[in-house]
Structure formats: structure tokens, C-alpha cells
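In what follows, a single structure is set out as C-alpha cells and then discussed.
Bear in mind these aren't lab numbers, they're just calculated from the coordinates by the rules spelled out. Keep in mind the model is a prediction, meaning the values are calculated, not measured. Note: ideal-geometry Cβ built from the backbone for every residue, glycine included; neighbour counts use all protein chains shown.
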Amino acid sequence: MQENPHHLVMGVLTDYLTGETVPDTHDERFRQKIARHLVQVCGYEKNQIESRKQVIIKTGKKTARLWMDFLVSTGDKTGMMIRYAPGSLVTRRLPNLALSRLVYPYQIPVVVTCNGEDAEVINGVTGKVTGQGFDAIPDRQTLMALDIAASFPKVSQAFHDKASRIAFACEVDGACPCDTDVCILD
């Protein structure tokens, strides 16, 4: 991930999950807070959490690259996606739900939007809000108990195409021009 020119960089810090050195920004400090919460409070092993996963989204002739903040594994599949974004959680519901349908060929069942101070948990299959606050983020035992048949439905091509258009409109077309976390590829 590149440095983002519209963020105040206060030096560097060590990523809690990977041990890598990353730019120290306000946003990165919130991401680190989320990572520590997942391990120290929710009980996940660091190796169950993939951070900064690159995802390519396409719609029509447009292609862009986005980054998923955290993907939490339940074994063979990713059971939870967590996206950090400052500000309102409500405005992130639709694009995050759409993105949860684009990362893999199946629906990620738990979608969490977090602004560093608050969190909103959404059932990826139904789109309904199921919890509010950091304490609502499912712990390891809860996520591991998901019914694989019911919780990880395949995303149809039509649903994938709709999700791609939503994600592109909200996350790419609506992005700040200096945001290097979003990259238009063609």
C-alpha cells in the first residue's frame, strides 16, 4: 500500500498483525486498534486475519484496485470482512455489502464497518444490521460456528455484476482524487 498524500504522516509504526513497518497516520492507528481488538478481545489468532488484501473490481470496461482492511478466516473460507472508514457508518453499508460479494465467489457472511470508534455488523446474506459497537463484532467461537451451507452461498453472476457497479460507484467514482488506496487500472 502506498503512502496517501492527503493524510498526515507522523512517522512509522509496526503493524500489529504482520510486524511490518507502515506509515503512522490517524487512519492506520484506528486500523491497528481494530487488529488488536480482533486478537485480544475476540480471540482470533493473527494467522486467521488477512490484512490489506488487494481486490480488483470490474464494471463494464472499467477496472480498479481496492484494499480490504481485514478478512477473517473460519478455516477454508473467510467468514468476516472488516472495512475501516472514517465518519458515518451508515453511508458505508451498501458499498461494504457489495464488496463482500466481490472478494470471493461466495458471500462473506459477516460484514463489519468500523470508523475506529464505533462498528456496525451486517449479515452479508440478508443485508440486515445485526449489531452495533465493537462488542458486537463476532468472536472466534461465534464465527467458527457458522453453518457453511447456509452462510456461504455462491454469488451469482448477475448479483456479482450489480455488486461491482455499486462498489465502483461508491468506492472508486466517489473517492477523493488524491486517495492512493483506490487505483483505477484502465
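Cross-link partners for Lys128 among the aspartates and glutamates, with Cα-Cα distance under 15 Å and sequence neighbours closer than 8 places in the same chain left out: Glu120.
Please label the shape of the chain as rounded, prolate or oblate, based on the square roots a ≥ b ≥ c of the eigenvalues of the alpha-carbon gyration tensor (a/c under 1.5 means rounded; beyond that, a/b larger than b/c means prolate, else oblate). The shape class here is oblate.
Going by the alpha-carbon gyration tensor, a ≥ b ≥ c the square roots of its eigenvalues, is the range 5-58 rounded (a/c under 1.5) or, if a/c is not under 1.5, prolate (a/b greater than b/c) versus oblate? Cα axes put the range 5-58 in the oblate bin.
Taking label positions 7 Å along the Cα-Cβ direction at both Gln141 and Leu8, the computed distance is 4.2 nm, reported to one decimal. Residues of the range 53-89 with an amide N closer than 13 Å to a point placed 7 Å from the Cα of Asp24 along the Cα-to-Cβ direction: none.
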